[in-house]
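Heads up, the thing below is written out as structure tokens.
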Amino acid sequence: MIRAFFQPTEIEEALRLGRELGDSAAFLAGGTELNAGYASPPPNLISLARLDLGGIEKRAGLLAVPATHTIQRILDAPGIPPVLAKACRNIVNRNVRNMATIGGHIACRKSCSDIIPALVALQASMEMTLVATGEEKSCPVMEFVESALPGALIRRVLVPDESGRGVAIESYTRSGNDMSIITVAASIGFQEDKVERPILVVGGVAKSAVRLEDLESSIDGGPLPPLEEIEERVKESVSPISDLRGSAELKRHLAGVLMARALGRAAKAKEGGER
């Protein structure tokens, strides 16, 4: 049962309500994951719908996307990196895309997210404000996903322009209208035919998306290994669980196959690949 529903029009008011209500309240954007994110949803909701965070902006080397923009609005905007657009389209239910926001999507840290792996591969970060202190903080998306940061209000997602890198994503679903079981993203650069700063991200094999940092380090600075080797090493690097959406063995197999495919496409791409 909802006890109170607040609709602040200023960020400062939203933060004040967050401090005063504490754990008895939750910020509400599109609300598509509210019930899924809590065993028992808090009785007080602070809507972000009336906050004016502006539109999508091009800054020096960055694309700044307001956290309250819906997935569909981002998908319809010009100049969105193709990899991010593809990840948005993977949320196939348009009703959900019309409601869900990018900030709320990140805040949920969902294991099966399509968008988080794409943002991590694009080395995206976020501008946020900590609720308790009002401190403004900039944080890479991956750092936010991996950490247990205190309550924060995400304001914008910043996607850098790295057009010299190849970027690709791959995913697998059970049907054309289902969430992805596994999503992978690969970003890679080359310097004199040597791999440079690879980023390999897998969603669906842990509580939230994970980077395969050991594998990244082992291929950085050398020639790209055969993709069959990449496939096997990814399978050895992830530890999914069996559930209603698939067995651990299936998820491990999919992660390896999809990562090898994405890395191969990213490596072959020119002028930034799918961007």
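For the chain, the Cα gyration tensor yields ellipsoid semi-axes of 33, 21, 16 Å (square root of five times each eigenvalue, largest first, whole Å). Pairs of lysine residues in the chain that meet both criteria, 8 or more places apart or on different chains and Cα atoms under 21 Å apart, total 13. Extension gain, Thr133 to Asn35: 0.36 nm times the residue separation minus the Cα-Cα distance gives 32.5 nm. When you restrict to C-alpha pairs under 8 Å that are six or more residues apart and normalise by the size of region 87-166, the relative contact order lands at 29 percent. The peptide list 199-209, 110-120, 82-92, put in order of mean Cβ contacts within 10 Å with the highest first, becomes 110-120, 199-209, 82-92. Taking 0.36 nm per residue of sequence separation and removing the Cα-Cα distance, the Ala60/Asn93 pair yields an extension gain of 8.5 nm. As a length-normalised measure over Cα pairs under 8 Å and 6 or more apart, the relative contact order of the chain settles at 16 percent. Secondary-structure-derived ellipticity at 222 nm for the chain, considering helices only, amounts to -9500 deg cm²/dmol, per-run term -39500 (n - 2.57) for DSSP H runs with n ≥ 4. Among residues other than Pro240 whose Cβ falls under 14 Å from its Cβ, what is the net charge (Lys/Arg +1, Asp/Glu -1)? With Lys, Arg at +1 and Asp, Glu at -1, the neighbours total +2. Could you work out the longest stretch of the chain that avoids the GluC sites (Glu not before Pro) located in DSSP loops with at most 12 other Cβ atoms within 10 Å? Formally, the longest exposed-site-free interval is 11-134. For a paramagnetic label modelled on Glu143 (point 7 Å from Cα along Cα→Cβ), amide N atoms under 20 Å away belong, within region 198-236, to 198-202, 208-214, 217.
Simple spin-label estimate for Leu244 and Asn177 gives 1.7 nm between the two label positions (7 Å along the Cα-to-Cβ direction from each Cα). Remark: C-alpha extents of region 4-47 on the principal axes read 28, 19, 14 Å, sorted largest to smallest.
Summing charges over all other residues whose Cβ lies under 13 Å from the Cβ of Thr129, with Lys and Arg as +1 and Asp and Glu as -1, gives -1.
Equivalent-ellipsoid semi-axes (√(5λ), Cα gyration tensor) for region 141-268, whole Å, largest first?
So the equivalent ellipsoid measures 23, 21, 14 Å along its semi-axes.
Taken together, the values in this text are just the output of simple stated rules run on the coordinates, not laboratory data. If you're wondering where the values come from, they're calculated on a predicted model, not measured in any experiment. Cβ coordinates were reconstructed from backbone atoms using ideal geometry, including for glycine residues, and neighbour counts include every protein chain displayed.
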